[in-house]
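Inspection log for the structure reproduced underneath, given as structure tokens.
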Amino acid sequence: DTHNSPNEQVETKFPVVVESYSLIPDSGGAGKHRCGLGLERVTRARTNMTFGSQIERAHCKPWGLAGGLEATGNEIGLRYGDKWKEDFPNAKVMAAPIKPGDAFRVRSGGGGGYGPPWARNVAAVPAAVRQGYVTVQAAAELYGVAVDPDNFAVDEAATRDLRAALAGERVSP
């Protein structure tokens with residue numbers, strides 16, 4: 001089950017405060033057709049409570065097809081005071097006590113990409129960077145597109161070189 005309840009509804013029903021709820025950049029599998037991003041919600045406890053999670057697919061990440069890359073998997077984190085505990089062997093937490101001020105973070109995985117990322121339309125990449133879906137670093141490393149972080153312009157010469165290198169890596173033995 002993946003419930004997408006409004007934050008206000010969650011805060012009204014339960015003694016919690018939703019600190020943040022956002023898309024996770026670079027969580028969708030890179031590809032000629034990039035897939036959807038995962039979501040992150042950080043929820044702070046307002047009273048003593050027990051956190052439990054039965055989430056799957058932390059390690060078996062959504063795979064890409066036809067040269068597309070895998071997406072991120074699901075993740076759980078618990079914040080005790082100002083320190084995050086993230087070293088769970090999977091995304092299952094049977095019963096973790098948390099106190100007022102502590103928080104839990106749920107990150108859903110993205111979808112796997114389709115087709116090689118270096119074949120994606122160059123103009124689509126800076127648009128995704130501008131929207132916060134893809135970082136400048138992933139644009140260069142995965143898509144082979146050099147994007148200026150200040151004005152989102154594409155450096156065409158650098159992009160040609162990056163894409164040639166990526167295409168060569170993908171087809172060489």
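The values are calculated or read from the model by the stated rules, or taken from the named source; none is laboratory data. These numbers were taken from a predicted model, which means no experiment stands behind them. Backbone-built Cβ (ideal geometry, glycine too); neighbour counts: all protein chains shown. Quick note on the areas: whole protein, heavy atoms, side chains included, nothing else; ligands and nucleic acids left out. Shrake-Rupley method; radii C 1.70, N 1.55, O 1.52, S 1.80 Å.
Tabulated values for the structure
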{"read-out": "Rounded to 10°, Cα long-axis angle of helix 156-171 versus longest principal axis of the chain", "value": "80"}
{"read-out": "Net dipole in debye of the chain [+1 Lys, Arg Cβ; -1 Asp, Glu Cβ; about Cα centre; nearest 20]", "value": "440"}
{"read-out": "Per residue, in Å², the accessible surface of the stretch 1-87 once ligands and nucleic acids are set aside, probe 1.4 Å", "value": "62"}
{"read-out": "Portion, in percent, of the accessible area of the stretch 1-126 that falls on carbon or sulfur, probe 1.4 Å", "value": "54"}
{"read-out": "Packing-based order for 77-87, 14-24, 103-113, using average beta carbon neighbours within 10 Å, highest first", "value": "103-113, 14-24, 77-87"}
